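Asks: Quick one: this structure, given as structure tokens, is what I'll be asking you about.
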Amino acid sequence: MSTDRKEKLLELFNQRAPIARTFGMKLSFDVDNRANISLPYNPDLDHALGGIHGGIIATLLDNAGWFTCALAHEGEGWVVTSEMSFHLFQPVQKTDLLARGRILKSGKRQDIADMRCWDQDNNLVAHATGTFLYLENLSIQESLKP
């Protein structure tokens, strides 16, 4: 795994991605190169009944899968989410969240990932699977230009 690619991905999300700043998400990688997306509780992301909106949780899951798959490719290409299916297991209120991605199957152009999301008490609150495409003709370098 390229340390340079990992650093580029961390910069891309933590310093440049407007959605990360807006939501308050942070990207890190664990020792197994799985992406971890953390989200401190933010009441501005709640739905009308006071729970954290499911779309927020889906966004965490998508990013966990995306960055896990992006790190698995050594080239300078870009990854896109092709398909994602997710399940919410329980309502989530007033809690920090952590989503983690794990590659189930990696290929030259397509990866399948498993993503899970836990609350601050380590309760599994959501699960997703996703298909991510690696596009060699789109460079990650382009997104890092000022």
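The values are calculated or read from the model by the stated rules, or taken from the named source; none is laboratory data. Quantities reported herein were computed from a predicted structural model and do not represent experimental measurements. Note: ideal-geometry Cβ built from the backbone for every residue, glycine included; neighbour counts use all protein chains shown.
Asks: Applying the selection to segment 22-38, what residues are without any contact (Cβ under 8 Å) to a residue 60 or more places away in the chain and within 14 Å of the chain's Cα centre (by Cα)?
Replies: Correct list: Phe23, Gly24, Met25, Lys26, Leu27, Ser28, Phe29, Asn33.
Asks: On to the next question. Within segment 94-126, work out how many residues are at pLDDT 95 or above and part of a loop (DSSP other than H, G, I, E, B).
Replies: 7
Asks: Separate question: Among the residues of segment 48-58, which ones are part of a loop (DSSP other than H, G, I, E, B) and closer than 23 Å to Met84 by Cα?
Replies: If we filter segment 48-58 for residues that are part of a loop (DSSP other than H, G, I, E, B), which is where we start, we get 48-51, 53.
Passing the criteria: Gly51, His53.
Asks: Suppose we keep only residues that are of a type in the set (D, E, K, R) and in contact (Cβ under 8 Å) with a residue 40 or more places away in the chain within segment 90-113. Which one would you say is nearest to Glu74 (Cα to Cα)?
Replies: Applying the first criterion (of a type in the set (D, E, K, R)) to segment 90-113 yields 94, 96, 100, 102, 105, 108-109, 111.
Adding the requirement that they be in contact (Cβ under 8 Å) with a residue 40 or more places away in the chain leaves 94, 96, 100, 102, 111.
Details: Lys94: 38, Asp96: 32, Arg100: 20, Arg102: 17, Asp111: 14 Å.
Among residues in segment 90-113 that are of a type in the set (D, E, K, R) and in contact (Cβ under 8 Å) with a residue 40 or more places away in the chain, the one nearest to Glu74 (Cα to Cα) is Asp111.
Asks: What single numbered condition from (1) under 14 Å from the mean Cα position of the chain (by Cα); (2) surrounded by 18 or more Cβ atoms within 10 Å (Cβ to Cβ); (3) assigned to a strand (DSSP E or B) fails to hold for Val80?
Replies: Looking at each condition in turn, Val80 falls short on (2).
Asks: So how many residues does segment 2-19 have that are without any contact (Cβ under 8 Å) to a residue 12 or more places away in the chain, under 16 Å from Asn63 (Cβ atoms) and in a helix (DSSP H, G or I)? Working first, answer last.
Replies: From segment 2-19, those without any contact (Cβ under 8 Å) to a residue 12 or more places away in the chain are 3-4, 7, 15, 17-18; that's our starting set.
Of the ones still in play, those that are also under 16 Å from Asn63 (Cβ atoms) are 15, 17-18.
Still in the running and in a helix (DSSP H, G or I): 15, 18.
Selection size over segment 2-19: 2.
Asks: Filter segment 19-57 for residues that are of a type in the set (Gly, Ala, Ser) and on the phi < 0 side of the Ramachandran plot and give the result.
Replies: Taking segment 19-57 first, the residues of a type in the set (Gly, Ala, Ser) are 20, 24, 28, 35, 38, 48, 50-51, 54-55.
Passing the criteria: Ala20, Ser28, Ala35, Ser38, Ala48, Gly51, Gly54, Gly55.
Okay, residues lined up against (1) modelled with pLDDT of 95 or more; (2) within 19 Å of Val125 (Cα to Cα); (3) in contact with a Lys or Arg (Cβ under 9 Å, 6 or more places away or on another chain); (4) crowded, with 19+ Cβ neighbours inside 10 Å:
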position: Met25; (1), (2), (3), (4): yes, yes, no, yes
position: Ser28; (1), (2), (3), (4): yes, no, no, no
position: Asn36; (1), (2), (3), (4): yes, yes, yes, no
position: Pro40; (1), (2), (3), (4): yes, yes, yes, no
position: Gly50; (1), (2), (3), (4): no, yes, yes, no
position: Gly55; (1), (2), (3), (4): yes, yes, no, no
position: Leu60; (1), (2), (3), (4): yes, yes, no, yes
position: Gly65; (1), (2), (3), (4): yes, yes, yes, yes
position: Cys69; (1), (2), (3), (4): yes, no, no, yes
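Asks: Oh, and also: Quick one: in segment 23-47, of everything that is out of contact with any helix residue (DSSP H, G or I) (no Cβ under 9 Å at 6 or more places or on another chain) and part of a loop (DSSP other than H, G, I, E, B), which residue is nearest to Pro91 (Cα to Cα)?
Replies: Restricting to residues being out of contact with any helix residue (DSSP H, G or I) (no Cβ under 9 Å at 6 or more places or on another chain) and part of a loop (DSSP other than H, G, I, E, B), the top hit is Tyr41.
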